[in-house]
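Working notes, beginning with the structure itself.
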Amino acid sequence: MASTDFSQAAQGAVTSMAEKKDVITVEDTAQYDLEELPQKAKQVFNIDGFNVLGLDPEDADFYNNFSHADRQRTKHKVDVRLVPMLAALYLVAHLDRSNIGNTKIEGIDDDLGINGWQWNLLLSLFFVPYVLLEVPSNIILKKFDRPSIHMGILATGWGVMMTLHGVVNNYAGILVLRILLGVFEAGFFPGAVYLTSFWYMPRDLAARISWFYCFSALSGAFSGLLAAGIAQMDGVGGYEGWRWIFILEGLVSVILGILVFFVLVDTPARGHKWLSPDEIRFLELQRFVRVRGFEHDDFSTASLRRIVGIHDPVRTSKTRRGKRGR
């Protein structure tokens with residue numbers, strides 16, 4: 001009896017809290033039947049090709065009335081601020097992970113006494129943390145209020161690891177550095193995709209991500225020429241040419257990584273220095289539409305319940321009875 005009273009009191013308190021909110025979140029609606037939701041959360045708006053649940057009518061009108069010219073201007077602002085920096089980082093990341101092939105031409109294997117088997121292991125071990133840590137890195141990224149801090153740490157970290165490649169004196173040292181390089185580079189691409197998802201709808205996101213791949217291909221086009229030029233510094237400061245390849249390309253990544261802390265944009269809510277209040281509001285609503293919306297062909301009671309996290313009480317009770325029967 002006491003347990004039932006406590007449950008009813010808790011549900012009433014949460015319902016009261018939900019009614020005070022402009023937008024009903026998944027956490028608010030997770031324990032209700034559809035009929036018990038506050039009226040505002042039951043409204044489904046047709047916005048930008050999506051059916052959107054739980055949006056304030058005033059916000060829905062604002063979003064639909066935001067002109068095409070204003071949307072294009074806002075998108076252009078974001079493109080200028082976000083895409084070039086991420087594309088440049090992706091370029092140097094590819095330069096740093098692949099320049100070891102150029103250093104072999106300059107004699108790194110002879111200087112460090114690396115045989116064929118050791119060389120293959122050196123190349124392969126980079127990808128072990130690179131593959132395993134992509135998802136964990138994005139989980140960590142979500143803990144940051146400013147994604148640029150996480151991205152800056154990654155870029156600066158792999159730049160430092162690359163620079164240290166140029167001063168290592170044995171195989172064990174460069175093996176450890178290759179693993180650490182994979183650790184820092186692992187989270188960059190998934191983090192970049194996550195960050196851009198704050199700013200673009202899915203139909204716009206693909207074109208921006210394609211720029212990353214274009215820049216990675218560009219790095220392959222001139223990395224050999226760049227390495228050949230840097231290798232002419234052989235003997236400067238008592239360092240071999242292959243060391244200068246690591247050092248100079250690593251320092252470029254360090255510089256870009258430091259710039260990320262100050263230049264890379266975070267979320268629309270933090271864009272007040274270069275976005276107008278209406279542009280910020282539009283971008284925030286756009287993200288809400290993307291997260292909480294579903295396309296017309298997908299509309300059903302089941303999908304609506306799935307969006308708000310509501311469990312079908314009849315289906316749930318049948319499932320429970322079925323489990324007991326087994």
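Sequence-distant or interchain residues sharing an amide H contact under 5 Å with Ile47, placed H: which?
Val52
Order these by the 10 Å Cβ neighbour count, fewest first: Met162, Met85.
Met85, Met162
Does a label point 7 Å from the Cα of Ile149, set along Cα-to-beta-carbon, have any residues of region 252-274 with amide nitrogen under 17 Å, and which are they?
258-271, by backbone N distance to the label point.
How would His68, His76, His165 line up from fewest to most surrounding beta-carbon atoms within 10 angstrom?
Sorted ascending by nearby Cβ count, the order is His68, His76, His165.
Would you kindly derive the ³J(HN,Hα) couplings of region 146-156 from the backbone phi angles with the Karplus curve 6.51 cos²θ - 1.76 cosθ + 1.60 (θ = phi - 60°), listing them in order in whole Hz, with x for Gly and Pro?
10, x, 4, 5, 4, 5, x, 4, 4, 5, 5
Distance in nm between label sites at Arg81 and Asn120, each 7 Å beyond Cα in the beta-carbon direction?
5.0
Listing Thr103, Thr267, Thr163 from the residue with the fewest other Cβ atoms within 10 Å to the one with the most, what is the order?
Thr267, Thr163, Thr103
Suppose every Lys and Arg Cβ carries +1 and every Asp and Glu Cβ carries -1, with no other charges. What dipole size does region 68-270 come out with about its Cα centre, to the nearest 20 debye?
It works out to roughly 1040 debye.
In nanometres, what is the gap between the two model label sites at Cys214 and Ile258, each 7 Å from Cα along Cα-to-Cβ?
The modelled label-to-label distance comes out at 3.0 nm.
Below 8 Å, C-alpha to C-alpha, sequence gap of six or more: please give me the relative contact order for region 105-232 in percent.
32
Please give the net charge around Asp145, taking every other residue with its beta carbon less than 11 angstrom from that of Asp145, where Lys and Arg add +1 and Asp and Glu add -1.
+3
Between region 161-186 and region 60-95, what is the separation of their alpha carbon centroids in Å?
When both Cα centres are located, 35 Å separates them.
Along region 208-218, what does the Karplus equation 6.51 cos²θ - 1.76 cosθ + 1.60 (θ = phi - 60°) give for ³J(HN,Hα), rounded to whole Hz, x for Gly and Pro?
Result, rounded to whole Hz: 6, 5, 4, 5, 4, 5, 4, 6, 5, 5, 4.
Relative to a virtual label point 7 Å from the Cα of Ala88 in the Cα→beta-carbon direction, which members of region 145-180 show backbone nitrogen distances below 20 Å?
Residues 147-163 fall inside that zone.
Separation between the Tyr239 and Ser98 pseudo-spin-labels, each 7 Å from Cα along Cα→Cβ, expressed in nm?
Placing both labels 7 Å along Cα→Cβ, they lie 2.3 nm apart.
Residue separation times 0.36 nm, minus the C-alpha to C-alpha distance between Ala172 and Lys142: what's the value?
Gain on stretching Ala172 to Lys142: 7.4 nm.
Coordinate-derived values only; no laboratory data. Since the structure is predicted, the reported quantities are computational estimates derived from the model, not experimental observations. Cβ atoms come from the backbone with ideal geometry, glycine included; neighbour counts cover every protein chain shown.
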